[in-house]
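Just so it is clear, none of the values below were taken in a lab; they were calculated from the coordinates. None of these values were measured; they are calculated from a predicted model. Methodologically, a virtual Cβ is constructed for each residue, glycine included, from the backbone with ideal geometry; neighbour enumeration extends over all protein chains shown.
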Amino acid sequence: MSRLRSLRPLLGLGAALALIAPAGPAGSAVAQPAHHRAEFKVLVFSKTGAYRHTSIPTAVQAIKDLGAAHGFAVDATEDDSVFTPANLAHYRAVVFALTSGNVLTDPEKAAFEGYIHAGGGYAGIHSASDTEFDWPFYGQVVGAYFKSHPHGQFQARVIVEDHDNPSTAHLPAVWTRTDEWYNFRTNPRNTVHVLASVDETSYDAGPDRMGDHPVTWCQDVQGGRSWYTAMGHGDESYADPAFRGMLLGGIRVAAGAAEADCSPSDEPGDGSGDDSQ
């Protein structure tokens, strides 16, 4: 059953903590009052501790453009010191945009855990699953950790399994696109709601092929909401209206601004439409 998780605990926390929010270092994203016309506010975080994608600036700008066009405010930073309880309480979702490696200190991790427990949202793009491998909480929130990928980008068929979710409703049943296709350490199906999977018969997935191969999903997790896509490697993804539409819907789901069924998927969908009962 579709549902919109209540944000009242998070909003209450925000009202209280906003009164004691620190000024923060120069160039940080410590929140200021959002524009009165913004529906909600998101924090885009793109710090890297390992591989760095050259498409990060393009991805960040795409999210800013989506916010400007669709009525939500965006702060973008690579300054991890903004991960404090007081600052995070200003945001309805935190977007890990092409992050990698270890990017947060222990106190910052604790702040993020508290944020999610209070009803906050998370959206992850591509190498967000190649981030914080030694932090089990983050592994639960992202849904699965990166394992490997065939070298290069390849055209492949993406099977859209849920046409009711705001992030995938506009997509065709079979979406042919070029990207870098991640294999994961574990298959997240049965713990997340799979929105799309990649057809491994349409490209060579390499020795770590998964068979059933989810690439985009959402979940209700640890009191908050999570949406992730493994797609989005190159600049060209962020110029693709279909991908941008998926990203917009994913951010809205993570922010609790759009209703979505994020209950676990039992079996692979066939791309024919609603797979939620």
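Taking label points 7 Å from Cα along the Cα-to-Cβ direction, ARG37 and ASP208 give a separation of 4.5 nm. Tally Lys/Arg at +1 and Asp/Glu at -1 over every other residue whose Cβ is under 13 Å from the Cβ of HIS233; what's the total? Surrounding charge for HIS233 is -4.
Candidate cross-link partners of LYS41 among the lysines, defined by an alpha-carbon separation under 27 Å and a same-chain spacing of 8 or more, comprise LYS64, LYS109.
Here the extension length gained between THR201 and PHE133 equals 21.6 nm, from 0.36 nm per residue of separation less the Cα-Cα distance.
Evaluate E = 1/(1 + (r/R0)^6) for GLN155 and ASP65, where r is the Cβ-Cβ distance and R0 equals 35 Å; express this FRET efficiency to the nearest 0.05.
Given R0 = 35 Å and the Cβ-Cβ separation, E is 0.85.
Remark: spin-label model distance ASN190-SER148 equals 2.3 nm, labels positioned 7 Å along the Cα→Cβ axis.
Count the net charge of all other residues whose Cβ sits under 10 Å from the Cβ of GLY67, scoring Lys and Arg as +1 and Asp and Glu as -1. Could you put the intermediate results ahead of the total?
Numbers: positive: LYS41, LYS64; negative: GLU39, ASP65, ASP75.
Surrounding charge for GLY67 is -1.
Most simply put, the range 147-216 has about 95% antiparallel DSSP beta bridges, counting only bridges with both residues inside it.
For the range 202-241, the residues whose backbone nitrogen is under 12 Å from a point 7 Å from the Cα of VAL174, taken along Cα to Cβ, are 202. For the range 8-254, the mean projected area of the C-alpha convex hull, equal to one quarter of the hull surface, is 12.3 nm². Using the Cβ-Cβ distance between THR54 and ASP266 with R0 set to 30 Å, the FRET efficiency from 1/(1 + (r/R0)^6) comes to roughly 0.20.
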